[in-house]
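This report concerns only the one structure given below.
The values are calculated or read from the model by the stated rules, or taken from the named source; none is laboratory data. The shown structure was predicted, so the numbers you read here are calculated from the model rather than taken from an experiment. Here the Cβ positions follow ideal geometry from the backbone for every residue, glycine too, while neighbour counts run over all protein chains shown.
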Amino acid sequence: MKNQSEEKNKMEKEKKELEIRLKQKIEKLESEKNQQKKMFQSEVVRSDTEFTHNSEILENKLLNIVKKIYKIKGMIEDLKRNVDLELFLSKNLIDHYNDPNAPVNIFIRVENYEEGHVYYWPQNIFHDRYDALKELYNKYLEEDFDINNLSKEDDPLYDIPKQSLLGYAFYKLEPLAYLMNNCTNIPIISVNGDTEGSIVIDVVPHNEKGELYEEIPENPMDLVGQSLQYYVHIKEIKDLPEMFCQGVQVEYTSFSDNYNYKTKIYNEDGKETSFNIDEKFEHNIGFLTEEDINFFLKDKICFKIYAIENTFKKGKKGVPNKEEILRNYEHSEEKTKKNEENKNKLIKKYVNKGLIKKDGKNNGKLNYKKDCLIF
């Protein structure tokens, strides 16, 4: 009986020790889980904070640019120039495919109707051109300066026509994993998601003699360890926009050597919207891996199509009148002064009625505080 009692006590003791260890293990796991949860929440908060901070920076940039665009438009109107500017936001589709929070590209789109060309100025160029035009504008108003006969080199609103990104075309690589070619007419998608014509492309695998393969593998993974030769055939361009078809060039980055390949420049006079290219680029992979085969099966080659964008050529609007500009400037100043006086009268009226509280700390900003407005 004694032995049984001792055995029973021993078992009870081991059971309790096991329960304690199990409880400790559970508590440890729960603690680790909560710690991971806190870290994740912290990461989310940090990510959201960074996103908010970046959004505020972007908003401030855009506000500054928009203000300058309105100012430069006013100078252009006074000087009778036939040029228009607008804010242009674009996304790099490849960057946004990999990271949805990738930054937006900010450009100023300039339509120069005097020359018949379209420019896309990055922010630094726009700010430089704004400062240069403002300096010439003030010089014209304050001095005996001929602003009507500027050379192109001295004209802040002139630029040399350059290629800009017309759009992207994506070629599916899956047939390559089966040693097959697949000639395809692919739509060209602009940065804004519009279709801007199409491009005909073929990726052709071949043997050492340059001949197409007669047999295809049942399982693409059977190609692992073998070599692969193929060429990219850029055949033709179709139905480009009439104003965006001059000086066309196609480029892509090879997945096998990470090198950037470019065609020659086509349609330099801008007279055709459809034309042949017929350029081939040879590639060789010495040793295929599973990663290569999976890439073929799931991914695409991205082709970028560049061209010069044009607009209708209309010439200048006329000759500026300095006296008229100065009269309008004085009238504008009087209008601003009158608006300020009217605003002050309105503020005084609402202060007297108790609808507005005056607070010197707000520096003229209108805010809400309880049921009253603070000015």
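A few notes on this one:
- Just one of the listed residues (Ile234, Ile199, Ile216, Ile186) is modelled with pLDDT under 95 and aliphatic (A, V, I, L, M), and it is Ile216.
- Pairs meeting the criteria (first residue in region 172-185 and touching a residue at least 12 places away in the same chain (Cβ under 8 Å) and over 13 Å from Ile216 (Cα atoms), second residue polar (S, T, N, Q) and surrounded by 14 or more Cβ atoms within 10 Å (Cβ to Cβ), beta carbons under 6 Å, at least 6 apart or on different chains) are Asn185/Ser198.
- Residues of region 98-123 that are polar (S, T, N, Q) and over 30 Å from Glu242 (Cα atoms): Asn98, Asn101.
- Residue match in region 267-274 (condition: outside any strand (DSSP E or B), at pLDDT 95 or above, in contact with a Ser or Thr (Cβ under 9 Å, 6 or more places away or on another chain) and surrounded by 11 or more Cβ atoms within 10 Å (Cβ to Cβ)): yes
- Whichever residue in region 231-244 is in a strand (DSSP E or B) and touching a Ser or Thr at 6+ places or on another chain (Cβ under 9 Å) and, among such residues, is surrounded by the most Cβ atoms within 10 Å (Cβ to Cβ): Ile237
- Matching residues, region 149-170, being over 25 Å from Asn105 (Cα atoms) and either in contact with a helix residue (DSSP H, G or I) (Cβ under 9 Å, 6 or more places away or on another chain) or crowded, with 17+ Cβ neighbours inside 10 Å (or both): Leu150, Asp154, Asp155
- Count of region 266-301 residues which are out of contact with any helix residue (DSSP H, G or I) (no Cβ under 6 Å at 6 or more places or on another chain), of a type in the set (A, V, I, L, M, F, W, C) and either free of Cβ contacts under 8 Å to residues at least 24 places away in the same chain or within 20 Å of Asp202 (Cβ to Cβ) (or both): 6
- Selected residue (only one of Pro175, Pro187 is part of a helix (DSSP H, G or I) and outside the structural domain of Ile65 (by TED's automatic domain parsing)): Pro175
- When region 190-219 is filtered for residues that are on the phi > 0 side of the Ramachandran plot and either of a type in the set (Ser, Thr, Tyr) or part of a loop (DSSP other than H, G, I, E, B) (or both), the ones remaining, listed by number, are Gly193, Gly210.
- Pairs where the first residue, in region 63-83, is among the hydrophobic types (A, V, I, L, M, F, W, C) and the second is in a helix (DSSP H, G or I), C-beta under 6 Å, 6+ apart: Ile72/Tyr130; Met75/Leu133; Met75/Tyr137; Val83/Ile76
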